[in-house]
Amino acid sequence: MMYDVTTGSMFDTFTGRALTGPLGEANVVLEQVSVVGARWGDWKAAHPDTRILAEDGGIGRAYRDDPLGSRDAAGPIFPVGDIDPRLPVQEAVVGVIRPDGVPIAFPVDATTDALADAGQIEFEGVVVRLADGLRVFTPDGTELVTHQAFWFAWSQFNPETLVWTPAGS
């Protein structure tokens, strides 16, 4: 959930829809944008002038490397409904919705490894490339909005997801 401190409204992070508060009552839906995860070393190599503004996030405390303390190591700590067995529940995926509404998930580690050799992956009408993280495009080069999440979360919102797997898997 995302929270708007000004109005007290809460938003669904997968849909961008305001669920509570005045923005929920107004049926506000946020424009979706991609958030791309990247390893710090890869980011710094691609963007050498990047500066860290506040190592403590600007709130007076430093974050540990594992801020949740492996809290979710055994799986989600809250009920998530039926588990889709195609991937481990904690598998990080980059999910995308094709322009025709079909959802697709790309397991982050396997996709990143395959792209190191292939340069790009074409799957079910989309193209995946490494560009400061995993990015997904239409065949004509239009970048699509992606959502990086754990598999259990993505699959709950998108149960009909097509899943890319490396050849031979």
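The values are calculated or read from the model by the stated rules, or taken from the named source; none is laboratory data. Predicted, not measured: the structure shown is a model, and the values here were computed from it. Counting neighbours? That spans all protein chains shown, and the Cβs are built from the backbone with ideal geometry, glycine included.
Can you find even one residue in the stretch 141-161 that is acidic (Asp, Glu), farther than 17 Å from Thr15 by Cβ and touching a Lys or Arg at 6+ places or on another chain (Cβ under 8 Å)? Within the stretch 141-161, one or more residues are acidic (Asp, Glu), farther than 17 Å from Thr15 by Cβ and touching a Lys or Arg at 6+ places or on another chain (Cβ under 8 Å).
Mind checking whether some residue in the stretch 116-125 is closer than 26 Å to Ser155 by Cβ, at pLDDT below 85 and surrounded by 11 or more Cβ atoms within 10 Å (Cβ to Cβ)? There is at least one residue in the stretch 116-125 that is closer than 26 Å to Ser155 by Cβ, at pLDDT below 85 and surrounded by 11 or more Cβ atoms within 10 Å (Cβ to Cβ).
For (1) of a type in the set (Gly, Ala, Ser); (2) at pLDDT below 65, each residue gets a yes or a no:
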| position | (1), (2) |
| --- | --- |
| Gly37 | yes, no |
| Gly41 | yes, no |
| Pro48 | no, no |
| Arg51 | no, no |
| Arg61 | no, yes |
| Val93 | no, no |
| Ile97 | no, no |
| Gly101 | yes, no |
| Ile104 | no, no |
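Counted as qualifying within the stretch 86-159 are the strands (runs of 3 or more DSSP E) with 3 or more residues that are of a type outside the set (Ser, Thr, Tyr) and without any contact (Cβ under 8 Å) to a residue 40 or more places away in the chain, namely 126-130. For the stretch 1-11, which residues satisfy the criterion of being outside any strand (DSSP E or B) and surrounded by fewer than 15 Cβ atoms within 10 Å (Cβ to Cβ)? Met1, Val5, Thr6, Gly8 - these are the residues of the stretch 1-11 that are outside any strand (DSSP E or B) and surrounded by fewer than 15 Cβ atoms within 10 Å (Cβ to Cβ).
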